[in-house]
Amino acid sequence: MATKKPTRATPSWGDVKTKLADFDRAGLLGLVQDLYAASKENQVFLHARFALGDDVLKPYKVTIDRWLWPDVFKNQDTSVAKAKKAVSDYKKAVGQPDGLAELMVFYCERAAGFSNDIGLQDEGYFDALVRMFEQALKAIAALPEAARSTFWERLDVVRNISHNFGYGVGDDMDELLSEYGVDD
């Protein structure tokens, strides 16, 4: 009696890669077409990866905006996780440093603007804002010198607004800006 090879409960990338090796060009194109048709997320990923369309950042910004500045009159809620996922998804699709910096700064602008607009008092939301603020500073610091000033200025506006929140948000941002050598 032949012994069966135990199967893994969860297939891995290696399993998929092995199957893909058997595809010809037409088969691979068909597979990518099926993936494209399967979800809006796949379409956004492919458009960003291949720099298709006028503004590859737009769908990511729409997602960030929806989850950080919801329509309170429609009882929409916030979701830091879904907004952060948009940044992560862009990083996986393209990961251009200037695009990442733009999305991170936009995240901070929308989170601070919404908090200030409605008087939000949510410590978890503020903690996520400060973490993204720090990530944005790191991303900006990695850009060429000429590309930094506009981003620094936008984050300075976020910092100023954040002094209205309490919870030490503005103070944390002051400290982070000084660590990165950004002048007030």
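The values are calculated or read from the model by the stated rules, or taken from the named source; none is laboratory data. Every value quoted in this text rests on a predicted model; they were computed, and no experiment measured them. Backbone-built Cβ (ideal geometry, glycine too); neighbour counts: all protein chains shown. Remember, those area values only see protein heavy atoms, side chains included, never the ligands or the DNA or RNA. Shrake-Rupley method; radii C 1.70, N 1.55, O 1.52, S 1.80 Å.
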### Message
Quick check on segment 15-48: of everything there that is open to solvent by 80 Å² or more (accessible area, probe 1.4 Å) and either touching a residue at least 24 places away in the same chain (Cβ under 8 Å) or in contact with a Gly (Cβ under 9 Å, 6 or more places away or on another chain) (or both), which residue is farthest from K91 (Cα to Cα)?
### Response
F23
#### Entry: Residues located in segment 49-64, provided they are under 25 Å from Q76 (Cβ atoms), without any contact (Cβ under 8 Å) to a residue 40 or more places away in the chain and either part of a helix (DSSP H, G or I) or open to solvent by 90 Å² or more (accessible area, probe 1.4 Å) (or both)
K58, P59, V62, T63
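Report yes if some residue within segment 69-77 is under 24 Å from A147 (Cβ atoms) and either open to solvent by 50 Å² or more (accessible area, probe 1.4 Å) or more than 12 Å from the chain's Cα centre (by Cα) (or both); otherwise report no. Can you show your working first?
Step one: filter segment 69-77 for residues under 24 Å from A147 (Cβ atoms), giving none.
No, segment 69-77 contains no residue that is under 24 Å from A147 (Cβ atoms) and either open to solvent by 50 Å² or more (accessible area, probe 1.4 Å) or more than 12 Å from the chain's Cα centre (by Cα) (or both).
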### Message
Looking only at segment 139-152, count every residue that is surrounded by fewer than 16 Cβ atoms within 10 Å (Cβ to Cβ), touching a residue at least 40 places away in the same chain (Cβ under 8 Å) and part of a helix (DSSP H, G or I) and tell me the total.
### Response
1
### Task
Could you tell me which of the residues D89, D171 is out of contact with any Leu (no Cβ under 9 Å at 6 or more places or on another chain), over 23 Å from W69 (Cβ atoms), free of Cβ contacts under 8 Å to residues at least 60 places away in the same chain and acidic (D, E)?
D171
#### Entry: Condition met for Y125 (under 15 Å from W69 (Cα atoms) and hydroxyl-bearing (S, T, Y))
yes
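From the set of residues in segment 94-133 that are at negative phi and in a loop (DSSP other than H, G, I, E, B), which is surrounded by the fewest Cβ atoms within 10 Å (Cβ to Cβ)? Let's see the steps before the verdict.
Going through segment 94-133, the residues at negative phi turn out to be 94, 96-118, 120-133.
Restricting the remaining residues to those that are in a loop (DSSP other than H, G, I, E, B) gives 94, 96, 120-122.
Details: V94: 18, Q96: 15, L120: 15, Q121: 11, D122: 14.
Among them, the one singled out is Q121.
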